[in-house]
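Quick note: the coordinates plus some simple rules give every number you see, no bench work behind them. Since the structure is predicted, the reported quantities are computational estimates derived from the model, not experimental observations. A quick note on method: Cβ atoms are made from the backbone with ideal geometry, for glycine too, and the neighbour counts reach across all protein chains shown.
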Amino acid sequence: MLVYNKHLQRKRLPIGKYLNNILLTGLDMLFPPPALCRVCGRKLMIRTRVELCQWCLEQLPLVGENSCRQCGRPLAVKHESIEEPTLCFDCRSIRHFFVKNRAVGIYSGTLKEQIHEVKYRYNRQLGIGLGQVMAVVAKGRGWIPDEAHLLAVPLHPERLRQRGYNQAELLVQGMESCFQLPVLKHGVVVRRQVTQASSSLNPLERRANLRGAFYVPRPGLVVGKVLCVVDDIYTTGATLDELARTLLQAGAKAVYGLTLSIAVDDYDLMGEL
């Protein structure tokens, strides 16, 4: 005698609803719904790699060509020698472990508000969209070496649990969606210390605060590789430097930095050399 188990019965949709779903799926394939700007929600008239509307893109305070050759901080006074571009105030007094850093925009105005929206108001989609902006700008200006692997700056597990995601990984996700870039996934580098909030620390205190904050559990994953470290903001470079130092000790060939934004000091804008 066969026993019928109702739990094994496949759930079936009414034929009308089933056909309607097929029809809607087909229409979406033939006529995709318009993409929306990840910032303001406006419909995008033209589908591009970056899912931000023209108006929102124009509000971003982008870094110009006249910038520090080491960290990418914008400078007001152009250096007289083309062969030897100038360094900002910080980079003239600090030996960095990274080859160079480049930033898409200045940490102010609209871009600062958008970064806060991603980090503190849980807008993940905006983080992905800003990562797309990073990819297009960085590729267009030749900032990413051909052999480089992208690596998001890791959060400490406790901070990750509090926020629910790593904003740097959202940026990398957006970059991946634009171009087929090799990425080193979560866990390649681990942040083992919950460091003190750095906003109230001076540059030397920031570096001391981050000393030994990172480690590489499996050095074989970075040995011989050129790495491009991705983060949302560059201030003094302490985080990027400590991460670069750790990666080089683990066997990385070279470390570059790519940040969505960079903080600007008054003395650099004043052009004091």
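Of S177, S108, S261, the sequence from fewest to most neighbouring Cβ atoms within 10 angstrom is S108, S177, S261.
Projecting the Cα positions of M175, T195, Y256 onto the charge dipole of segment 62-269 (unit charges on Cβ atoms of Lys, Arg, Asp and Glu, taken about the Cα centre) puts T195 furthest along the positive direction.
Remark on I262: its backbone amide H falls under 5 Å from those of G105, I106, Y107, Y234, a criterion applied only to residues 5 or more positions apart or on other chains, H modelled at 1.01 Å from N.
Averaging the Cα positions of each part gives two centres, and for segment 240-259 and segment 103-120 these lie 24 Å apart. Between the amide H of N101 and those of C71, G72, G257, distances stay under 5 Å, these residues lying 5 or more places away or on another chain, with hydrogens modeled in the peptide plane.
Backbone geometry of segment 130-146 corresponds, through the Karplus equation with coefficients 6.51, -1.76 and 1.60 at θ = phi - 60°, to 3J(HN,Hα) couplings of 5, x, 5, 4, 4, 4, 5, 5, 5, 5, x, 9, x, 7, 9, x, 4 Hz, x marking Gly and Pro.
On the basis of the beta-carbon distance and an R0 of 22 Å, R192 and Y165 show a calculated FRET efficiency of 0.65.
Listed from fewest to most Cβ neighbours within 10 Å, the set T259, T239 follows the order T239, T259. In the structure shown, the pairs K112/K225; K112/K139; K43/K139; K119/K139; K185/K225; K112/K253 are assessed against 21 Å; a Cα-Cα span above that value is assigned to K112/K225; K112/K139; K43/K139; K119/K139; K112/K253. Label sites at R218 and K119, each approximated as a point 7 angstrom past Cα along Cα to Cβ, lie 3.0 nm apart. Under a 5 Å amide H to amide H cut-off, with H placed in plane at 1.01 Å, what residues pair with F214 once short-range neighbours are removed? Close amide H contacts, sequence-distant or interchain: R192. As a proxy for reagent exposure, C40, C228, C68 were ordered by neighbouring Cβ count within 10 angstrom, fewest first; the result is C40, C68, C228.
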